[in-house]
Structures are given as C-alpha cells and as structure tokens.
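Read-outs: derived from the displayed coordinates by stated rules, not from any lab. Fair warning: this is a prediction, and the values are worked out from it, not measured in the lab. FYI the Cβ positions are ideal-geometry reconstructions off the backbone, even for glycines, and counts take in every protein chain you see.
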Amino acid sequence: MHIELGTLLALVIYFCILALIGIVHYKKKEDLEGYVLGGRRLGPWVTSMSAEASDMSGWMLMGLPGYAYVSGVSAFWIALGLTLGTFANWVFVAKRLRIYTQVADNSITLPDYFENRFNDTTNRLRIISAVFIFIFFLIYTSASFVAGGKLFNTAFGLDYTWSLLLTAGIVVFYTFVGGFTAVCWSDFFQGTLMFFSILLVPITAMYYIGGVTETIVKLNAINPNYFNMFTDATGASLSGIAIISLLAWGLGYFGQPHILVRFMAISSPKEIKQATHIAMTWVTVSLAMAVVVGLVGRVYLGDALRGSQSETVFMQLNGGFYSPFIAGIITSGILGAIMSTASSQLLVAASAVTTDFYKTIFRKNASISELVLVSRFMVVAVSVLSLLLALEPNSLILDIVAYVWVGFGAAFGPMILISLYWKRMTLPGATAGIIVGGVTVLVWKNFFAATGLYEIVPGFILSALAIYVVSKMTKEPSASVVSKFDEADYLCKQ
C-alpha cells in the first residue's frame, strides 16, 4: 500500500476533526435525552445538514453513481423520487413529529413515541418497533462499512478487512464519546465536504473531456440508449412499473428513524421552515450531481468497471485529477458520506436497545448514568455485529440499502404519517401496520420479485390499509390519547 504524503495529511486532519468533535461534546454527566437526542437544541443548519448527510450515506457517492454508470440517465428517476420524498418528509412530518414527540410525554426515541402516542401499557408496540430498528440497522450499518472498505481498498490498496476496521474505529470513537450532538455536528462538517466534493469531481471531469457538449456527444456515441430517460442501457424500454419502482424510493423517507430523529431534535418547530430550504437545496444539487458523476465516469473511464466495481466510479475519477492533498480532501468527503450515516444508525440502534429493551424489560429502575453507559456500550456492540455482516467485499451497496430502506419505509412510514394526522388511529391498528408492512416486504421480495415492482409500493399501501381497517374495527382511542392528539394538532397550526 502506498499513500501520498499530501493525501495522508488530508485524511489525518479529517480524522482529527472528527475526534475533536467527539471530545468537545463529551459530558461526564449527561442525561439520556442529551446523549440520544442532543437535548432538543439543534439549530436549523445543523438539523438540515445532519438529516441529509445521514440520509444519503456512502450510496450517494458510490451506489447511485455506480447505478448511473451502468444504466444511464434513467438513474435520474431514483434522484427525482428521493428529492420528492425528502420534500414531503420535511413538509408533512418534520414539524408535527417535533411537536407531538414532546407532547407525548417527551418521547426521545421512535418506539417511545409509538408507546406514548397510543398509551400502550403492554410494551408490545415498543418492543416490536425496537426489534425492527435493531435488525434493519445492523444491515444498514454494514452497508456503510462495506462502502468504507471499498473506499480504502480502491484508493490506497489497503486490505479490505483493515479498511472496515479503520472506518468503524473512528465512527465508534466520536459516537461513543460525544453522543447525538457530536454525531450531528460531525454530519454538518461531513455534509459540507460531501456537497463540494460531488460538485467538484464531475465538473473537473467534464473539463478534461472537453466541456458539457462534448461529454453529451461522447455519451451518445458510446450508447445512444444511455442518454434516454425511458430506456435502460440495452435499449429496452422502461415499463411504467419500472419507473414507479424507481420513483418509489421516495416513499421510504417517512419511516427512516435516523432521519426522523433529527426532526425531533430541532430546538424549535418554528425553525423547520428554514431547515427545509437548506435541506432541499443540498439534496437537489447533490443527487443530480451524483447521477452526473456516473454519466461522466462512463465517458472518461469507458467500460473498465464491471459488477460491484461500478460503485467506485467517483473514487476512480478523483484519483486522476488532483494533487494528493486535494484528492485526500475529496476522499474525506466520501468518508463523510459513509461515516455520517453509520454513526447515526449506530446511535439510533443503541438507543433502541437501551430504552426499549434494557430499561423497559430488565432494569426499569436503572439510573440515568447507567443508561448512558449502556448506550455507549451498545454503540460498540452494534458496530461489531455490523462488521461481521460487512465481511463480504462484493456486496452491492445500493442493493443492501434498497432492502433496508424499503423495510423501514413500509413498516414505519404509514404508521408515522397516519399517527400524526388521524386521531381515530388505534394501538391494534398501529401494530397491524408495522407487521403487515414488514411481512409484505419479505413476501414480495421472495415470491413476487418477478413483477418488477419495488416492494415498498405494496408494503406501504397494505400497511396503510391495515392501519385503517383494524383501527375502524377496534375500540376508539381513550380520552387521554385524543386529548394529546388535539393538543399537538393545535400547536402544529400555530
């Protein structure tokens, strides 16, 4: 392995900044709300950048460009779906969730909110949702570690296993030490790096190719079908089902715990509007340029990248244009995409285990300091399990993320939306929604994949139907549940 001195210096500076963020936000005595939710004191800039950086992860700089490299501009359908989904999430969920989680007995995790929203004294809903969060985030975090392993292996020739350990080590350190606040501030820093990296690389590549017009001409020369929104690279027309499936990625937003928790943590609901503007600017530009990276890479690199190697297109371009120090900074941007998501997922999974299993089932009278300590320990434990899942280097990042994304979207998305807007929703209806959404995804993936329809579509629809039908068939919510809904609804309209 050979790393240029300038590149090494850039990476060391990057790692030191992350470690410093964790140390600065370390508190010897911290309550659980402070460790897992930052005390609800995030400003609009940190909230928006943290939400989007943790959302996009390594797949935006690796998975999506790789898909565009192989499939052409039809990858824009995914980008469009995600942009619309992001907008809908900020407009329809952010403010209401921030208000309702505080009205509902100051809920600090999603399972907390589910239990308090429906006054569930059986812990059933809390435990079911916590199981989903824990299992899915194990898989999701492993996708982030796979991305980190590929990054160091491709850029520096570092052994894949050592690459995994290096990626996980720095993430665990600042998450373990600084908690939610450190994670969000590191996301802000890393989101900024990601934004400028995704702008700089394709613009530089087009300059070397000869400009935008020349890039388009050469792309058409390679494959006329490659520049058609309505066909794949082979020239086969994209069916209506295929387009719906690509757009349907946006449905997943309503159920992603690592994004929703940012809405819960903003200091004031009044700051949601400004945060929405910041987030949408970041997302729209970043996703569009991620697709452009794949298109430009296809022109500049030819067909050199096959299979899972296509997801290294951003790194291949970065390695050919810049001085070692600048290349190191851009590599840090890719790392930022990976680590911002991994840290968020680790913390949400750890908090779910701590509050929804350890405290609820085993140690109801546990002290605050004990719960914070358990949360820190679970960050390490979840990372170890995720590392074990990430040992297969040929995993396609986009495929892993797609599977977990749909799981969360179908299991939690309809429940989150309906619980914020419909007071007649009941506890049995909520439970049915989670189970039907999750089961539908598994069944559709294994038995109906040949239809070509992305499983989030039937999962989301059937989950919503289950919530409505079961809620209508069961006893109306109690007066206290309705009272909390009315209070939250009134505050949302202010």
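Remarks
- In the chain, the calculated helix contribution to ellipticity at 222 nm averages -24500 deg cm²/dmol per residue, counting -39,500 (n - 2.57) for every DSSP H run with n ≥ 4.
- The convex hull drawn around the Cα atoms of region 223-272, when projected onto a plane and averaged over every direction, covers 5.6 nm².
- FRET E, pair residue 9, residue 203, Förster distance 25 Å, beta-carbon r, rounded to 0.05: 0.55
- Site-free segments of the chain were taken between chymotrypsin sites (Phe, Trp or Tyr not before Pro) in DSSP loops having at most 16 other Cβ atoms within 10 Å, sites themselves excluded; the longest one is 27-229.
- Compared with the dominant Cα axis of the chain, that is its longest principal axis, helix 427-447 is turned about 30°.
- Among 391, 462, a tally of other beta-carbon atoms within 10 Å of each Cβ gives an order, fewest to most, of 391, 462.
- Amide H contacts under 5 Å for residue 231: 238, restricted to partners 5 or more places along the chain or on a different chain, H placed in the peptide plane at 1.01 Å from N.
- Its residue count N sets the reference 2.2 N^0.38 Å, and the alpha-carbon radius of gyration of the chain equals 0.95 times that reference.
- Listed pairs 364/445; 273/472; 364/484; 270/423; 273/484; 423/493 exceeding 27 Å between Cα atoms: 364/445; 273/472
- The stretch between residue 222 and residue 366 holds 45.5 nm of extra length on full extension. This uses 0.36 nm per residue minus the Cα-Cα distance.
- For residue 92 and residue 236, the FRET efficiency from 1/(1 + (r/R0)^6), where r spans their Cβ atoms and R0 equals 41 Å, is about 0.70.
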